[in-house]
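Note sheet for the following structure.
The values are calculated or read from the model by the stated rules, or taken from the named source; none is laboratory data. Fair warning: this is a prediction, and the values are worked out from it, not measured in the lab. Neighbour counts run over all protein chains shown; Cβ positions are idealised from the backbone, glycine included.
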Amino acid sequence: MNIFDTYTRALKTIVCELEKNGSLPDGLDLKNVTIEPPRDSTHGDISTNIAMVLTRQARMKPRDIADMVAAGLNDVQGVEKVDVAGPGFINITLKQSIIQSQVAKILNAGSNYGRSTIGDQEKVNVEYVSVNPTGPLHVGHCRGAIFGDALASLLDYAGYDVTREYYINDAGGQIDILARSAYLRYTQALGEDIGDIPEGLYPGDYLIPVGKALAEKYGDRWLEAEEKIWINDIRKFATDAMMQMIRADLNTLAIKHDVFFSEQTLHDTGHIQAALDKLEEKGLIYTGVLEAPKGTKPDDWEKRPQTLFKSTGFGDDVDRAVKKSDGSWTYFAADIAYHNDKIERGFTSLVDVWGADHGGYVKRVESVIKALTDDKVNFDVRLCQMVKLLRDGEPVKMSKRAGTFITMRDIVDEVGKDVVRFIMLTRKNDASLDFDFARVTEQSKDNPVFYVQYAHARIHSVLRKTLTAFADIDLSKASLASANMTVFTDSSELSLIRNMMNWPRLVEAAALAREPHRIAYYLYELASEFHALWNKGNDNLDLRFIIEDDREMTLSRLALISAVAAIIASGLNILGVEPVTEM
């Protein structure tokens, strides 16, 4: 279904023949050869850099290689002409009949048009959100959640075997703070005057119902009790309550996970020691003394022997501590065990979606995965920059519910799931993003989610109107796919088809680059071309989609726009946005 693959195979065949007849040396490496639409559409339909890639290997001028390859391409089915440009770029123009025929192929494939097998069912673990369960999700978590979910869908669409995972940070000091904060609300529920929330505890109102639930379950059993009596029970109760809230928040955005993995289980089951034993067997764990950290020293820093991992042997800046002076594990030790668990579950590619403030943590995790797997497992961290919330250009005030930040639910409640998901994917994950409540809800071309959804809804509106003009017209996929496609001769129609031809290649490129925002960009461009064709039909009656005295032409035009709708629906489904049929 990927027309670019057809001509990639043709190129390989031509090179093979040139190797056989001695025109090119044997064993040329084609992995860096690209075949894609030219930047300037006047240069044709397909462009390749093959001559530029092979020039050094073949020790020949790129122009000479290009002339030989071009001669072979002229004999390939569907090629109208081949031009060699500049030092050796090859531009291919396809026959118009080939362009026209793609509409039927898109319709016959339906939602499978663009699906790929490049992933070859490789087991990929995509971990995203993984927020400390200490409160509701905020706007920063929102972006990472949407990015991770869309990336997982994109990889699945490209043929990978994807597992979506959430790592619950339910061990450590932040959970003790949560328990103390919940205990304070528990005493409040029993009638105690708690006054102002003490500094260091979580102040949000979201803990009030947790305190009430504790009071209903345990009565005043812990009202006068020492912390050591209630801390473990309230830790578990509050963590479960927070995860229930987080899951509900995620559900508002249709964020899905297959696995929720508890950090505490690593401590309870001996997995941390087991993972470190693997590193020790490789001679990578030792007792040593680290140099003082650069800049301001932490108040509790002291030069002392520690149990360290030799991360500098795998690209890190310094070796990393895995055990504290009191004998407890560091946070990094738990991370070692967690990623080791993923590896032992058979994943050969790990994608972690983190906030931008975790950028300094990447090297140490990369180093330990290299050490554990002898660099055989791919590890890819995607950092998501924060989102700036605006209203008519002015910063948005904080949320009363959370106490210190705008929650994910605040945003979804105001503008809706689809708007939030699409807008969060309109920029690359590591670029900053402004989210202006006024602009993301306006109905104009400047609002990409509206413009794309409107294109899909508009097409379905045309299909409904057609049934009024031609009551018995057959709009089934088979009927549309059998329509006469040779009628598409206008430059706008052909340009639209060429854009649709690029969808399978775009999916593969976005998946390989781990960049779902490319899907959002593509959908906006496709929608723009559709709307432009619609507007052109207002001026040129021959280009209208419904021509009341020409049933066959109408069926052909409906085939064209139905193909557009199929691709928009597939792309929106990858992004987790509903392809609406009415607006």
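Going through the range 1-50 one residue at a time, which ones are among the charged types (D, E, K, R) and surrounded by 19 or more Cβ atoms within 10 Å (Cβ to Cβ)?
Asp45
Buried (at least 22 other Cβ atoms within 10 Å of the Cβ) and in contact with a Leu (Cβ under 9 Å, 6 or more places away or on another chain): is that true of Ala481 in this structure?
It is false that Ala481 is buried (at least 22 other Cβ atoms within 10 Å of the Cβ) and in contact with a Leu (Cβ under 9 Å, 6 or more places away or on another chain).
Let me spell it out: the conditions are (1) within 30 Å of Tyr166 (Cβ to Cβ); (2) surrounded by fewer than 20 Cβ atoms within 10 Å (Cβ to Cβ); (3) aromatic (Phe, Trp, Tyr), and Phe147 meets all of them except one. Which number is the exception?
Result: Phe147 fails condition (2) only.
Among the residues that make up the range 62-71, is at least one of them among the basic types (Lys, Arg), farther than 30 Å from Arg557 by Cβ and either buried (at least 18 other Cβ atoms within 10 Å of the Cβ) or in contact with a Pro (Cβ under 8 Å, 6 or more places away or on another chain) (or both)?
Yes, there is a match, as at least one residue in the range 62-71 is among the basic types (Lys, Arg), farther than 30 Å from Arg557 by Cβ and either buried (at least 18 other Cβ atoms within 10 Å of the Cβ) or in contact with a Pro (Cβ under 8 Å, 6 or more places away or on another chain) (or both).
For the structure I just gave you, tell me whether Glu529 is within 35 Å of the chain's Cα centre (by Cα), under 22 Å from Ala150 (Cβ atoms) and part of a helix (DSSP H, G or I).
No.
Please identify the pairs in which a residue from the range 75-95 that is modelled with pLDDT of 95 or more has its Cβ atom under 9 Å from the Cβ atom of a residue that is in a strand (DSSP E or B) and exposed (fewer than 14 other Cβ atoms within 10 Å of the Cβ), counting only partners at least 6 apart or on another chain.
Pairs found: Asn91/Lys81; Ile92/Lys81; Thr93/Lys81.
Hey, could you check the range 137-178 for residues that are outside any helix (DSSP H, G or I) and of a type in the set (A, V, I, L, M) and say which is farthest from Arg505 (Cα to Cα)?
For the range 137-178, the residue satisfying everything is Ala171.
Looking at the range 210-310, what helices (runs of 4 or more DSSP H) fall wholly within it and have at least 3 residues that are closer than 22 Å to Asp176 by Cβ and touching a residue at least 12 places away in the same chain (Cβ under 8 Å)?
The helices (runs of 4 or more DSSP H) meeting that bar are 227-252, 263-269.
Of the conditions (1) outside the structural domain of Phe530 (by TED's automatic domain parsing); (2) modelled with pLDDT of 95 or more; (3) out of contact with any helix residue (DSSP H, G or I) (no Cβ under 7 Å at 6 or more places or on another chain); (4) assigned to a helix (DSSP H, G or I), Ala431 satisfies every one except a single condition; which number is it?
Condition (4) is where Ala431 drops out.
Quickly run through the range 463-507 and pick out the residues that are in a helix (DSSP H, G or I), among the small types (Gly, Ala, Ser), touching a residue at least 24 places away in the same chain (Cβ under 8 Å) and under 30 Å from Thr42 (Cβ atoms).
Ser492, Ser495
Taking the range 1-57, which residues are of a type in the set (A, V, I, L, M, F, W, C), part of a loop (DSSP other than H, G, I, E, B) and touching a residue at least 60 places away in the same chain (Cβ under 8 Å)?
Within the range 1-57, Met1 is the sole residue that qualifies.
Just checking, which of Ser111, Ser101 is surrounded by fewer than 22 Cβ atoms within 10 Å (Cβ to Cβ) and within 20 Å of Ala520 (Cα to Cα)?
Ser111
Any idea which of (1) within 22 Å of Ile255 (Cβ to Cβ); (2) surrounded by fewer than 17 Cβ atoms within 10 Å (Cβ to Cβ) is the one Asn169 doesn't satisfy?
The one condition Asn169 does not meet is (2).
From Arg439, Arg464, which residue is basic (Lys, Arg), surrounded by fewer than 18 Cβ atoms within 10 Å (Cβ to Cβ) and more than 23 Å from Leu533 (Cβ to Cβ)?
Criteria check complete, one pass: Arg439.
Check the range 386-397 and report whether any residue there is modelled with pLDDT under 95, under 29 Å from Val210 (Cα atoms), in a loop (DSSP other than H, G, I, E, B) and more than 21 Å from the chain's Cα centre (by Cα).
The answer is yes, given that some residue of the range 386-397 is modelled with pLDDT under 95, under 29 Å from Val210 (Cα atoms), in a loop (DSSP other than H, G, I, E, B) and more than 21 Å from the chain's Cα centre (by Cα).
Whether any residue in the range 234-252 is out of contact with any His (no Cβ under 8 Å at 6 or more places or on another chain), at pLDDT 95 or above, surrounded by fewer than 18 Cβ atoms within 10 Å (Cβ to Cβ) and at positive phi is what I want to check.
For the range 234-252, residues out of contact with any His (no Cβ under 8 Å at 6 or more places or on another chain), at pLDDT 95 or above, surrounded by fewer than 18 Cβ atoms within 10 Å (Cβ to Cβ) and at positive phi: absent.
Could you check His271 against (1) over 30 Å from Arg143 (Cβ atoms); (2) at pLDDT below 95; (3) touching a helix residue (DSSP H, G or I) at 6+ places or on another chain (Cβ under 7 Å) and say which number it fails?
Result: His271 passes all but (2).
Quick one: in the range 434-462, which of the residues that are outside any helix (DSSP H, G or I) and in contact (Cβ under 8 Å) with a residue 60 or more places away in the chain is nearest to Gly571 (Cα to Cα)?
Step by step, filter the range 434-462, then rank; the result is Lys445.
In the range 480-508, what count of residues is obtained for those that are of a type in the set (Gly, Ala, Ser) and out of contact with any helix residue (DSSP H, G or I) (no Cβ under 7 Å at 6 or more places or on another chain)?
Of the residues in that region, 2 qualify.
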